[in-house]
Amino acid sequence: MKTTHYPLIAVFVFYTLIMIGCNSGKKLPEGMPPLKPCELTFTQGGSPLQDAIVSLYPDTGTSQQLIFGGKTDATGKAVIFTNGKYEGVPEGGYKIVVSKKETEESKFGPPLTSDDPGYDEWIAKASKEQLSTFSFVEKQYTDFKSTPLKISVPGDVTTFDAGKAVKIKL
């Protein structure tokens, strides 16, 4: 008599996947405080602020051992991570610093990698250029001392306006 164990195997696989899914978060290092989810949305001049770097600093102004930050997506939303790999931040008050900088593109085209044909020639030409870098966020939002943006985690306002749209040569 031939028996099949497919139902038993299916149940085992199902419960294994559930357990993996429930325990897939990264374990926090010893001594790191519990983290609370933190998603912030930024606008500028009424439009989503895309590709901005967002950094949170404890509003106490004390030195910190942890780094809190993220990058905004096309909708202006940034998921904030601790030390770049643990989603969320410890409870508390924070000042928010927002920056977005870009360097103008070389007239010789986008950067090449060392594997690309013509790389050495591109480097020789592009290194003689003096390319300008621009900030797309007003200065007050880019500095800890002057930023008016603040948040309390958990449970505070999560949408912020980063001023008017600007392009300031640095």
Exercise for the section: Being under 21 Å from I96 (Cβ atoms) and open to solvent by 70 Å² or more (accessible area, probe 1.4 Å) is the filter; apply it to the stretch 118-155 and report the residue that is modelled with the lowest pLDDT. Expected result: G155
Fill in the blank from the handout: Condition set open to solvent by less than 30 Å² (accessible area, probe 1.4 Å) and small (G, A, S), scope the stretch 93-113, selection nearest to the chain's Cα centre (by Cα): answer is G93
Fill in the blank from the handout: Just one listed residue, out of G155, G109, is in contact with a helix residue (DSSP H, G or I) (Cβ under 8 Å, 6 or more places away or on another chain), on the phi > 0 side of the Ramachandran plot and not basic (K, R), and it is G109
Practice task
Kindly provide the set of residues from the stretch 94-109 that are modelled with pLDDT of 90 or more and among the hydroxyl-bearing types (S, T, Y), ordered by number.
Solution key: Y94, S99
Exercise for the section: Could you please let me know if K27 is open to solvent by 90 Å² or more (accessible area, probe 1.4 Å), more than 21 Å from D156 (Cα to Cα) and touching a residue at least 60 places away in the same chain (Cβ under 8 Å)? Expected result: no
Exercise for the section: Considering (1) outside any loop (DSSP other than H, G, I, E, B); (2) modelled with pLDDT of 95 or more, say which one T16 fails and leave the rest. Expected result: (2)
Problem - Filtered residues of the stretch 73-92 (kept if of a type in the set (S, T, Y) and open to solvent by 70 Å² or more (accessible area, probe 1.4 Å)) - result: T75
Problem - Residue within the stretch 57-72 that is loosely packed, with under 14 Cβ neighbours inside 10 Å, under 17 Å from the mean Cα position of the chain (by Cα) and in a loop (DSSP other than H, G, I, E, B) present - result: yes
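Every residue, every condition in (1) closer than 23 Å to V89 by Cβ; (2) not β-branched (V, I, T), yes or no:
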{"residue": "K100", "(1), (2)": "yes, yes"}
{"residue": "G109", "(1), (2)": "no, yes"}
{"residue": "P117", "(1), (2)": "no, yes"}
{"residue": "K125", "(1), (2)": "no, yes"}
{"residue": "Q130", "(1), (2)": "no, yes"}
{"residue": "Q140", "(1), (2)": "yes, yes"}
{"residue": "F144", "(1), (2)": "yes, yes"}
{"residue": "D156", "(1), (2)": "yes, yes"}
{"residue": "T159", "(1), (2)": "yes, no"}
Practice task
List every residue pair whose Cβ atoms lie under 6 Å apart, where the two residues are 6 or more positions apart in sequence or sit on different chains, the first residue falls within the stretch 117-129 and is touching a residue at least 40 places away in the same chain (Cβ under 8 Å), and the second residue, located anywhere, is open to solvent by 40 Å² or more (accessible area, probe 1.4 Å).
Solution key: none
Practice task
Please specify each residue of the stretch 158-169 satisfying the condition of being at negative phi and either surrounded by 11 or more Cβ atoms within 10 Å (Cβ to Cβ) or in contact with a Ser or Thr (Cβ under 6 Å, 6 or more places away or on another chain) (or both).
Solution key: T158, T159, F160, D161, A162, A165, V166, I168, K169
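The values are calculated or read from the model by the stated rules, or taken from the named source; none is laboratory data. These numbers come from a predicted model, not from an experiment. Heads up, the Cβs are rebuilt from the backbone with ideal geometry, glycines too, and the neighbour counts pull from every protein chain shown. With ligands, DNA and RNA removed, areas are computed over all heavy atoms of the protein, side chains included. Shrake-Rupley method; radii C 1.70, N 1.55, O 1.52, S 1.80 Å.
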